[in-house]
1. Can you report the number of residues in segment 153-179 which are under 16 Å from residue 238 (Cα atoms), within 10 Å of ligand 1 (Cβ to nearest atom) and not hydrophobic (A, V, I, L, M, F, W, C)?
2. What single numbered condition from (1) over 17 Å from residue 13 (Cα atoms); (2) touching a Gly at 6+ places or on another chain (Cβ under 8 Å); (3) acidic (Asp, Glu) fails to hold for residue 96?
3. Across segment 1-12, which residue is surrounded by the fewest Cβ atoms within 10 Å (Cβ to Cβ) among those that are in contact with a strand residue (DSSP E or B) (Cβ under 7 Å, 6 or more places away or on another chain) and closer than 24 Å to residue 181 by Cβ?
4. With segment 55-136 as the region, which helices (runs of 4 or more DSSP H) entirely inside it contain at least 1 residues that are without any contact (Cβ under 8 Å) to a residue 40 or more places away in the chain and in the same structural domain as residue 231 (by TED's automatic domain parsing)?
5. Would you mind finding the one in 182, 217 that is within 12 Å of ligand 1 (Cβ to nearest atom), small (Gly, Ala, Ser) and closer than 22 Å to residue 287 by Cβ?
6. Can you pull out the residues in segment 141-156 that are in contact with a Lys or Arg (Cβ under 9 Å, 6 or more places away or on another chain) and either open to solvent by less than 40 Å² (accessible area, probe 1.4 Å) or without any contact (Cβ under 8 Å) to a residue 40 or more places away in the chain (or both)?
7. Say we look at segment 99-128 and pick out the residues that are of a type outside the set (A, V, I, L, M, F, W, C) and closer than 23 Å to residue 289 by Cβ; which of these is most open to solvent (accessible area, probe 1.4 Å)?
8. So which residues in segment 127-160 are under 13 Å from residue 280 (Cα atoms) and among the aliphatic types (A, V, I, L, M), if there are any at all?
Amino acid sequence: MPIALITGITGQAGSYLAEFLLAKGYQVVGMVRRSSTVTYERIEHIKHDLTLVQGDLHDQSSLVSILSNYQPDEVYNLAAQSFVATSWNQAVLTGEVTALGVVRLLEAIRMVNPKIRFYQASSSEMFGRAPAPQNETTPFHPRSPYAVAKVYGHWITVNYRESYGMFTVSGILFNHESPRRGIEFVTRKISDGVARIKLGLAKELLLGNLEARRDWGFAGEYVEAMWKMLQQETPEDFVIGTGVAHSVRDFCEAAFRYVGLNYLDYVRQDPRFMRPADVDLLVADCAKARQKLGWMPKVTFEELVAMMVEADLKRLKDAS
Ligand code: NAP
Ligand code: G4F
């Protein structure tokens, strides 16, 4: 039975990846960090099939122990301080976890077993201002401390491949969303806001930049691409997205329309949610992934919006 270690297993993508790998017959080891309250909400339903171990990307020796004790064949590094807005307020912490955390893990792998296959969760945020559509050869122009940290994570992953011949790959994923998305990210903030307004629990929805455009796909499908990257004969980096961009305004329009409301009656702009530097347009050219991985997303933008609004309506109704 192959063994996979997932860092960030309690996060949105980690939970879907764990489900996917369990279904493929893997033993799934999940690294979780110690906190005063348990954050297993997204993996509660599969918790008994997982091996959960304490560790932290800040702590090198915890990484070495986990690798030595469990001897994984594959490591998926999904852990990060992943919220772009927070990266301006906690720039050093973001660098420690999202950038240096990657090299701590790579060093641990190099020491324990350099044959382990390694996946790094890189981000389309690295492209920042680069002209769209973006692919594997597009130069990076990061626009936030988070994106700068991810650029380090990307290049150190490439560097360990080139320096030591290790099987390390960087998956450059565009925004992926789901009902499990953290509540502070814009899509989930909108789906939750729409559900609250529809159920009479809120009157308005405060947002920042409505004109930013993103390539939004369904997280549940993107984890297969991560796995496929580690099954290739040779390690290479891949861009993963849908190839279609929508604005935050489009997302609002579609989400409110889904429940029979007009977003213009409820959405207000609030400068508190504007960023010091934003990214205007991200859209993937994922021709390489289509050709070499045979990966194509199926869930459309409209289906994603509906899925998220439905889930929030149900959650709030069940809670009342
Ligand atoms: P997420 O929901 O924010 O999950 C982040 C995970 O990292 C959580 O499990 C969190 O643990 C863990 N973590 C944070 N700091 C840690 C530390 N110091 N040590 C160990 N674990 C730590 O993120 P996501 O949306 O699933 O994204 C997964 C990865 O893909 C991230 O690296 C993100 O930057 C990257 N990415 C995401 C997208 C996207 O659109 N979602 C696109 C491109 C790249 P707690 O539960 O304890 O907080
Ligand atoms: O949902 P967001 O916070 O996601 P962002 O910044 O694109 O980052 C996400 O995707 C990246 C991949 O490209 C990941 F690497 C990263 O970890 C994360 O998962 O914001 C999307 C857009 C931004 O332009 C933001 O300015 O929405 C705009 N926005 C407008 N109003 C807002 C809001 N974003 C948030 N979070 N909250 C608002 O009220």
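1. 4
2. Every condition holds for residue 96 apart from (2).
3. Only one residue fits best here, namely 10.
4. Output list reads 60-70, 86-89, 91-94.
5. 217
6. Correct list: 141, 142, 144.
7. Checking each candidate, the answer is 117.
8. 130, 132
The values are calculated or read from the model by the stated rules, or taken from the named source; none is laboratory data. Computed from a predicted model, the values in this text were never measured in an experiment. Neighbour counts run over all protein chains shown; Cβ positions are idealised from the backbone, glycine included. Heavy atoms of the whole protein, side chains included, go into the accessibility calculation; ligands, DNA and RNA do not. Shrake-Rupley method; radii C 1.70, N 1.55, O 1.52, S 1.80 Å.
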